[in-house]
Amino acid sequence: MIINRMLFNIPAENHTVEEITELLSKHQEVKFVSLVGIDIGGHDTDEKIPVELFIKDMEKFLSQGVQTDGSSVVLPKIAELNNAKVDIIPDLSVNWYVDYNFNHVTEDTKLPVGTLRIPSFLVHNDTFEVGSRVILRDTVKAFKIGVRSLLEKNPYVFDYLEIDSIDEIDDIVLTAATELEFWVKTPDDKADREQLSTSQILKEQYWKRTIGPVRTALEKSLLILDRYGFNIEMGHKEVGGIKAKLGTSGEYDHVMEQLEIDWGYSTALQAADNENQVKYVVRDVFRAHGLDVTFMAKPMEGVAGNGEHTHIGVAAKLKNGKIINLFAPKNMEEDYLNPIGFGALLGILKNYEVMNPFIASSNDALNRLKPGFEAPVCIVTSIGHTAKVPSRNRTVLVGLVRDINNPLSTRFELRSPNPKSNTYLVLATAYLAMLDGITAALEAGKTTKELEGSLSKKYGKEDFYLETRREYRSEKDVFDEYSEEERDKLFGKVPATVWENISAFREYPDKLKILMKDGVMDNITLESYEEATVGAWATELHNRIIPNTMALVRECKKMHPDNECTDYDVLNWTKIQKLRVYLGQDQIEKKSLLTRIKLALDSKNYNEASDLQIEMQSKIEELVNTYMEYKKNLL
């Protein structure tokens with residue numbers, strides 16, 4: 001097989017000049033090298049360095065990298081136009097992967113052209129390391145130092161661990177994994193919202209057998225990904241989608257399906273790097289089979305969006321080689337977690353308001369986080385009805401995953417990220433929040449039962465760490481068994497726009513400090529991220545969402561002759577026309593809603609723009625639903 005002759009990775013332990021040279025010389029299909037830096041917005045760099053030049057000057061490339069400028073990366077307030085020097089420096093501590101162009105097979109090798117992608121750090125002005133990979137790297141370091149110090153100063157916690165003392169621990173290991181959901185479809189096909197919604201409710205697609213080009217592309221993706229060493233666990237259909245049709249040409253058309261791919265755990269930084277490569281492979285393979293792939297959080301209204309549930313764990317590697325889960329209790333049937341695990345969970349829940357801007361940082365992300373689609377809508381956890389009977393409540397923000405027969409599997413599943421989330425910053429903020437909670441729990445000398453009581457506290461009850469006027473745990477379906485008003489009161493009001501979300505930086509200054517632990521982030525980094533996020537939100541709203549909304553308004557046209565309609569048709573059309581005018585048609589003395597949003601954005605009145613965006617979303621939903629009802633009644 002051709003695939004057996006191809007190079008897919010260069011492991012971290014093989015990053016000597018001699019070994020790299022030998023591998024690249026042996027695999028002539030690798031024609032280029034690319035240093036991949038990740039900016040504050042999660043965008044990666046890609047440049048094609050001929051492999052011969054890289055081999056010739058390898059020592060220089062590995063130590064000095066390549067240079068770019070501030071216009072090439074998203075680093076506002078850091079790499080400005082008059083201060084734009086940025087270097088991309090290779091990271092020798094993680095695996096490197098070869099990215100293949102399957103559409104470009106060369107005569108000399110008869111193999112696809114490969115580019116060795118080297119995860120890298122961004123350095124501004126020779127000294128200031130910046131960007132998402134740097135933040136996660138520094139978070140890992142701060143977390144390890146912090147937890148080791150806490151264990152040393154609070155030895156009571158060893159009564160809850162399968163470890164006798166700090167002297168047994170060789171390393172603290174941060175582990176993570178993501179689940180990748182994505183939609184695939186044949187190009188130019190438009191969604192039938194009602195068909196998709198009905199199929200979803202009936203669960204006609206979930207974990208069903210794939211067919212046609214979807215099956216072929218999924219199988220090829222899994223086989224290729226396994227060659228990279230990602231330890232692929234499974235690929236399957238997700239809840240969304242409709243059955244493909246076999247056309248007269250013998251090819252399947254009208255493909256519209258949702259899939260998921262899962263793979264093994266890695267260390268935090270490696271897990272984020274792995275995810276990037278997985279998405280590249282999936283997109284390329286499916287496109288080669290005539291299928292569009294989207295990782296958008298909410299590509300279609302009214303049906304399931306794409307989540308990327310992120311699994312987070314912490315373990316201790318002992319000097320004798322044994323691995324001990326630092327969240328799992330000694331007795332899995334008596335306790336849900338040990339004090340470290342409970343503290344970590346409390347930390348996420350208390351500080352989530354300042355994590356959320358890094359997780360749901362786009363209009364698309366917030367469109368997914370709405371009731372009814374198994375996406376979290378409030379800050380609440382579920383840990384199970386009893387310690388003996390673990391549960392998986394799919395309606396909460398963060399769940400406890402555990403197996404009483406396998407303590408090593410104990411971890412948290414954060415359900416709010418999506419495939420477009422910046423996983424480097426998702427993991428960084430999660431671990432910093434967890435460190436804050438672990439610090440509070442251990443320094444207070446709390447037992448597992450006391451911490452379980454804190455987690456389960458009722459609204460109005462004071463706590464050593466959590467807020468009085470909040471609840472944090474529910475084993476119920478939070479969509480069906482609480483009203484919106486109850487959810488807002490008990491678990492906190494959910495931000496409806498990117499502006500409301502990023503405003504947490506100003507509303508929760510004390511919580512924001514956790515992100516600055518040991519200098520992981522500083523004021524300039526947070527300001528840079530905020531400016532990048534607000535700029536992207538405002539630009540997309542002004543230049544994409546408003547024009548697309550206006551196009552939708554224009555599509556809602558009158559479809560009935562006046563002499564062939566009922567009074568119900570006239571009533572519906574009257575409502576529709578009133579909404580169309582209010583949304584999109586200016587008058588001399590009264591501007592439409594869409595125009596008012598643009599004017600607010602132009603004047604940087606973001607509070608007003610945010611409020612008007614919420615109103616726009618409500619009016620558009622009303623317009624779409626009324627227009628669907630109107631069309632259904634026409635003969």
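Determine, at each q value in 0.14, 0.17, 0.23 (inverse angstroms), the log₁₀ of I(q)/I(0) that the Debye formula gives when each Cα of region 261-357 is one equal point scatterer. Each listed q corresponds, in turn, to -0.83, -1.03, -1.30.
Going down the list Lys141/Lys370; Lys420/Lys511; Lys31/Lys237; Lys317/Lys388; Lys420/Lys598; Lys370/Lys511, which pairs span over 30 Å between their C-alpha atoms? Distance filter (> 30 Å) returns Lys141/Lys370; Lys31/Lys237.
Legend: ranking of residues Met550, Met628 from fewest to most surrounding C-beta atoms inside 10 Å; resulting order Met628, Met550. Listed by Cβ neighbour count within 10 Å, with the fewest neighbours leading, Lys513, Lys619 appear as Lys513, Lys619. Taking all Cα pairs closer than 8 Å and separated by 6 or more residues, the relative contact order of the chain comes to 12 percent.
Stokes-Einstein diffusion for region 2-128, with the hydrodynamic radius set to the Kirkwood value over Cα pairs and evaluated at 10 °C in a medium of 1.306 mPa s, equals 103 µm²/s.
Grouping the Cα pair distances of the chain into 20 Å bins from zero gives a pair-distance distribution of 17, 49, 30, 4, 0 percent in increasing distance order. Projected over every direction and averaged, the convex hull enclosing the alpha-carbon atoms of region 533-632 yields 7.1 nm². For the chain, a crude dipole built from +1 on the beta carbon of Lys and Arg and -1 on the beta carbon of Asp and Glu, taken about the Cα centre, is about 1040 debye to the nearest 20. Each of Arg392 and Glu629 was given a label point 7 Å from its Cα along the Cα-to-Cβ line. The distance between the two points is 3.8 nm. Restricting the GluC sites (Glu not before Pro) of region 561-635 to loop positions (DSSP other than H, G, I, E, B) with no more than 15 neighbouring Cβ atoms within 10 Å leaves Glu564, Glu589. The lysines whose alpha-carbon is closer than 19 Å to the alpha-carbon of Lys632, local same-chain residues fewer than 8 away aside, are Lys190, Lys557, Lys558, Lys575.
Cα-Cα over 24 Å: which of Lys493/Lys619; Lys476/Lys513; Lys298/Lys517? Pairs exceeding the cut-off: Lys476/Lys513; Lys298/Lys517. Contact order for region 2-128, expressed relative to its length and based on alpha carbon pairs under 8 Å spaced 6+ residues apart, stands at 32 percent. Full extension of the chain between Asn563 and Thr294 yields a length gain of 92.4 nm, computed as 0.36 nm times the residue separation minus the alpha carbon distance.
Projecting the Cα atoms of Leu23, Ala84, Phe54 onto the charge dipole of region 12-92, computed from C-beta unit charges around the Cα centre, puts Ala84 farthest toward the positive end.
Dividing the Cα radius of gyration of region 74-127 by its Kirkwood radius returns 1.20 for Rg/Rh.
Contact order for region 324-425, expressed relative to its length and based on alpha carbon pairs under 8 Å spaced 6+ residues apart, stands at 28 percent.
Estimated purely from DSSP H runs of n ≥ 4, each contributing -39500 (n - 2.57), the mean residue ellipticity at 222 nm for the chain is -12500 deg cm²/dmol once divided by its residues. The aspartates and glutamates whose alpha-carbon is closer than 18 Å to the alpha-carbon of Lys319, local same-chain residues fewer than 8 away aside, are Glu152, Glu162, Asp164, Asp167, Glu168, Asp170, Asp171.
Amide H contacts of Val380 (H built 1.01 Å from N, in plane; Pro and chain starts excluded): Leu397, Val398 sit under 5 Å, all sequence-distant by 5 or more or on other chains. Neighbour counts of C-beta atoms inside 10 Å place Lys370, Lys604 in the sequence Lys604, Lys370, starting with the fewest.
No value in this document is a laboratory result; all are computed from the given coordinates. Owing to the predicted nature of the structure, the values given are computational and were not obtained by experimental measurement. Neighbour counts are summed over all protein chains in view; Cβ atoms, including those assigned to glycine, are modelled from backbone coordinates with ideal geometry.
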